[in-house]
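Every read-out reported here was derived from the displayed coordinates using simple, explicitly stated rules and does not represent laboratory data. Just so you know, these numbers come straight off a predicted model, no measurement behind them. As a convention, Cβ positions derive from the backbone with ideal geometry for all residues, glycine included, and neighbour counts pool all protein chains shown.
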Ligand code: GLC
Ligand code: CA
């Protein structure tokens, strides 16, 4: 297998708006990030993925970009950005920027022009169509509720927006659009950034004709996803991008690709195809979604969890590489979703981290995960800021769905769970800002914060630090093969990693009860060493063990 820095590294994702405010306006910013680089260095991460910091009217917190080559006013200046990059590189931390090119903001100059008339030179930068008898061109719904089309009076046509009305989709069929994007990527790469995380990159090629999608009886809109995800020309575009831009730099790329299976995923990350290095797959993020989608929450099983992970491991084996994450800025907090954020918050956060850092792939830590930050439950819908939540609540309450049911769904799945400010200490507003934060701080900040974590040698923070260090010191954690142990077990997730003559055994209890575990293999004549555990472990007898609630153990096994 090829060795690469991005396989060996650990990524830390920063959502700048919520990370650290340096000037008291209640909004996190670049200088706030600079202040905290030593903290991140101490954690041990060596790659930072920065969510969008470009100019934006913030309809979707920076995922609606009005100028790709400039910095958002609230976040700082170009000089701040240069300093951030320099300060990161001087600490051996690489910078991965967000690349949001499925759509722009409707305030981007291309769209402002495009809207002016049918024969404007930028018209064809976007996807404009005639309506059908006073209705939109097709029945697609947007990811953020409502139709995926917006009517524009000036030219009596509709434009496509898969996300909010302020995020018009770019027309990738237009060669000029592709060239603009590649030039812009070079603009940033030439300043020394180390790669891109590509926002919904598998949506850039739409099926020609834009046919109506399936629509259930109770649905307001049809499902355009099959005609927009993994479209007919997406691989052609990415190979072109790779040839013209990516291949010229030593960088890392990861594509956000909803609706991708390992078979499809491989097309994006197969070494021989020259597209991307990794994708984010969302099968795991759908494990608790029912037939109605994201807001329809159902229980999940550990065997399904294992099957998803293993399928992706085998699916990409040798050819590609996996990204490992259990939360990000669009997902609920992982300790609340997959662990227990009450009685066993510390234990379960550490257990989940053990999984992420010992499975094969590159681990991504989402800000605050390293101190076990949890979901939040705001009482009023007015306290939420996320456009997806706000639009969904409005649309579904107008349809007559009970508000308590909707609030419950938001508590479990809403994106703002991940977007409350980082809890730095127990002072006002968790030390995030001296002003009024743009979104309220999670009320548990006196209990859960960075300052406390740094004072407690048994904290989740130090456990992450140790996992990251172990990864650096043991190639087997990065490159070792994977083998499931006792796959049918519904409460214990166990697996082995094999590399040269070494073996690693990982045993994880995913539940809050004591559980017996017995290996079929006999380790009597082997040398067994405990590498890490979230509990005190008395002896190294691993043949017959009882795992405590959310206990995690990693052993290294050598022949005697
Ligand atoms: C991606 C981003 C999300 C954003 C959407 C539209 O899914 O992660 O935050 O809302 O794309 O850009
Ligand atoms: Ca600020």
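Placing R0 at 60 angstrom, the Cβ-Cβ distance between residue 83 and residue 541 gives a FRET efficiency of 0.65 after rounding to 0.05.
Would you order 298, 245 from fewest to most other beta-carbon atoms within 10 Å of each residue's own beta-carbon?
Working: 298 10, 245 19.
In increasing order of surrounding Cβ atoms, one gets 298, 245.
Taking the inverse of the mean 1/r over every pair of distinct Cα atoms in the chain gives a Kirkwood hydrodynamic radius of 24.6 Å. Counting neighbouring Cβ atoms within 10 Å and putting the fewest first, the residues 547, 267 line up as 267, 547.
Taking 0.36 nm per residue of separation and subtracting the Cα-Cα distance, full extension of the segment from residue 521 to residue 272 would add 85.9 nm. Once the chain from residue 2 to residue 317 is taken as fully extended at 0.36 nm per residue, the excess over their C-alpha distance is 112.2 nm.
The C-alpha atoms of the chain define a longest principal axis, and helix 387-398 lies at about 70 degrees to it. Peptides 411-417, 495-501, ordered by how many other C-beta atoms sit within 10 Å of their residues on average, highest first, read 411-417, 495-501.
Note on residue 488/residue 118: beta-carbon distance plugged into 1/(1 + (r/R0)^6) with R0 of 51 Å gives a FRET efficiency of 0.25. When Rg and Dmax are taken over the Cα atoms of the stretch 480-557, they come to 11.8, 36 Å.
Only helical DSSP H runs with n ≥ 4 go in: add -39500 (n - 2.57) per run for the chain, normalise by residue count and round the 222 nm mean residue ellipticity to 500 deg cm²/dmol. Can you show the working numbers first?
Numbers: 17 runs with 156 residues, N = 560.
That calculation yields -8000 deg cm²/dmol at 222 nm.
Residue separation of residue 380 and residue 207 scaled by 0.36 nm, minus their Cα-Cα distance, works out to 58.2 nm of gained length.
Normalised by residue count, the stretch 376-469 yields a Cα convex hull volume of 117 Å³ per residue. With each label modelled as a point 7 angstrom along the Cα→C-beta vector, the residue 399-residue 236 pair spans 3.6 nm.
Compute the long axis of helix 175-189 from its Cα atoms, compare it with the longest principal axis of the Cα atoms of the chain, and write down the angle in degrees, 0 to 90, nearest 10. The two axes meet at around 40 degrees.
Would you mind computing the Rg to Rh ratio of the stretch 233-332 from its alpha-carbon coordinates, Kirkwood style for Rh? Mind showing how you got there, number by number?
Numbers: Rg = 15.0 Å, Rh = 14.7 Å.
Ratio value, two decimals: 1.02.
Label-to-label distance, residue 343 versus residue 35, with points set 7 angstrom from Cα along the beta-carbon direction: 3.9 nm.
Under 1.5 on a/c is rounded, so check that first for the stretch 120-160, then, if it is not, pick prolate when a/b is larger than b/c and oblate when it is not; a ≥ b ≥ c are the square roots of the alpha carbon gyration tensor eigenvalues. Oblate, because a/c is 1.5 or more while a/b does not exceed b/c. Taking the DSSP bridge list for the chain and keeping only pairs wholly inside it, about 65 percent are antiparallel. Quick one: angle between helix 78-90 and the longest Cα principal axis of the chain, in degrees between 0 and 90, rounded to 10, please. On a 0 to 90 degree scale, this one is about 20.
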